[in-house]
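Have a look at the structure below, then the notes.
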Amino acid sequence: MGNEYSAIAAKLRAMHARFLTEKDYEALLAGKSVNDICAYLKNTDGYSDVLENVNEREIHRGVMELLLEQDIMEEYVRLYNFADRPLRRLLNFWFIQREGEFIKRELRHIYTKEARTRDEVSQGRFDAFFETHTKINREIMQNATSLDDCIKACGHTPYAEPLKRAQSVGADFFSLGMMLDVFLYTRIWREAHKSLKGEQITLFEQLIGSNIDMMNLMWIYRGKKYYDFPSEIIFTYLFPIRHRLSGDIIRRLVNADSMEQLVSLVRSETVYGGLFEDLENGRFPEENYRVIYNGISKRIFVNNSQSFAAMFAYLNLKEAEIGNITTITEGVRYGLNTEAIRAHVRL
C-alpha cells in the first residue's frame, strides 16, 4: 500500500496492543460485581486513562458504560488528529455513522416517550469535536419533542431528506430507523467509491459490503419470521447495494415460501450460511453476525494494516471489545453464571 498509510498503520498497531487479552477476559468473567470489573479495567493499559478519575467502589454501571463509549470516541479523535487531510476525509465515513446514532438516539426519546437523562460524564474531546464538525443543530435536536423538530435540527444536513420522507409516509420509530440506516450506508458507500481506488476500494467493499449484505439478510429474516411482512414491504427497507448477494438471490429469499426455505437458500447459495448457524438451538442471527463481522475486521486489520479499511476495521474491533465488556458487566449485574456469560462474549 501507499506510504501515506504507513504512519497510521504503526499508530493502529500501537493502539491495538492495548486491547484486552484472553487472560483479561477470564479475570473480568471472574468478577463478582460491576465494581470488581471497573477495578480490573482501571489497571489495564487500554482503560487506565479513561477510568483514572473514577472511584471503582462507587461507580454505577451506566456511568462506566458512558466512559467506555467515550474511550472509543477519544480514539477516533486521536486517529483523526494524527491523519493527514486525505485520510481525515476518509475517516469522516465513521463520523457519519456517529451522527446517525446521535439522531436515532434522540428520535427514540421522542417515539418511546423515554425521558432524556443528561450524561453524567463529560464527553471530553469528542464532544467538542462533534460540535465543530457536525452541521446538526445539537441544541434543537437534544430538546426535540417531535419529528418536525428533528427535521429542523437537520435542516442544513443531508439527513433532513430521509426524515422528511419518513414523515410523509407516517413511519413509526422502527421504520424510521431502518430508512435512516439505508440512507447512511448508501451515502458512505457512494462517497467511498468517489474517494478510494484500486485495492483500497476492494478492501473497503469487503468490510462494508459484507456488513450491508448481512444486514439485508437479517432484515429479510426478521421481516418474515417476526412481522409476517409481505414481500413488497420487505423490499422497501432493503439496502440498495449488492456486494456478494445478487438481485436474483435477494428476490428468491424475499419470496421464500417458508423460513426453512429461506434459511436453506442462505446456507446453500450464499457465502453467509454461518449467519444462521445453530438456529435450532436458539442462537440468534445477530450473534452470528457479530462473530462473522469481527472475523472480517480482524482479517483486514492484520493482513492489510496499511490501508484505509484497516482504520475502519480497528474501530469495529474496538466497538466489539467494549460490547464484550458491557455483556460481561450486565451478566454479572444480573447474577448469570460464568459459562452463560462467556457464551455471549465474542472474541
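Data table
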| read-out | value |
| --- | --- |
| Longest to shortest principal axis, alpha-carbon extents of segment 293-347, angstrom | 43, 14, 12 |
| Qualifying aspartates and glutamates (Cα of each under 13 Å from Cα of Lys135; at least 8 residues distant if same chain) | Glu99 |
| Residues Arg187 and Lys164, FRET efficiency given R0 of 22 Å [Cβ-Cβ distance, rounded to 0.05] | 0.90 |
| Residue pairs, from the table Lys11/Lys32; Lys32/Lys225; Lys23/Lys113; Lys113/Lys224, whose Cα atoms sit over 31 Å apart | Lys11/Lys32; Lys32/Lys225; Lys23/Lys113 |
| Dimensionless Rg/Rh of the chain - Kirkwood Rh, Rg from C-alpha atoms | 0.95 |
| Over segment 1-48: Rg over Rh, Cα atoms, Kirkwood Rh | 1.22 |
| Listed residues Ile241, Ile188, Ile233, most fluctuating in the chain (Gaussian network, C-alpha, under 10 Å) | Ile233 |
| Among 48-61, 72-85, the order from most to least packed when residues are scored by Cβ within 10 Å on average | 72-85, 48-61 |
| Cα principal axis extents for segment 216-347, largest first, Å | 43, 41, 25 |
| Farthest positive-ward along the chain dipole, Cα basis, beta-carbon charges - from Gly62, Thr327, Ser146 | Ser146 |
| Linear extension gain, Arg252 paired with Asp148, 0.36 nm per residue minus alpha-carbon span | 33.6 nm |
| Intensity falloff of segment 1-105 expressed as log10 I(q)/I(0), Debye formula with alpha-carbon point scatterers, at q = 0.11, 0.13, 0.14, 0.15 Å⁻¹ | -0.46, -0.62, -0.70, -0.78 |
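Quick note: the coordinates plus some simple rules give every number you see, no bench work behind them. Only a predicted model underlies this, so the values are computations on that prediction, with no experimental measurement involved. Positions of Cβ are backbone-derived with ideal geometry, glycine not excepted, and every protein chain shown enters the neighbour counts.
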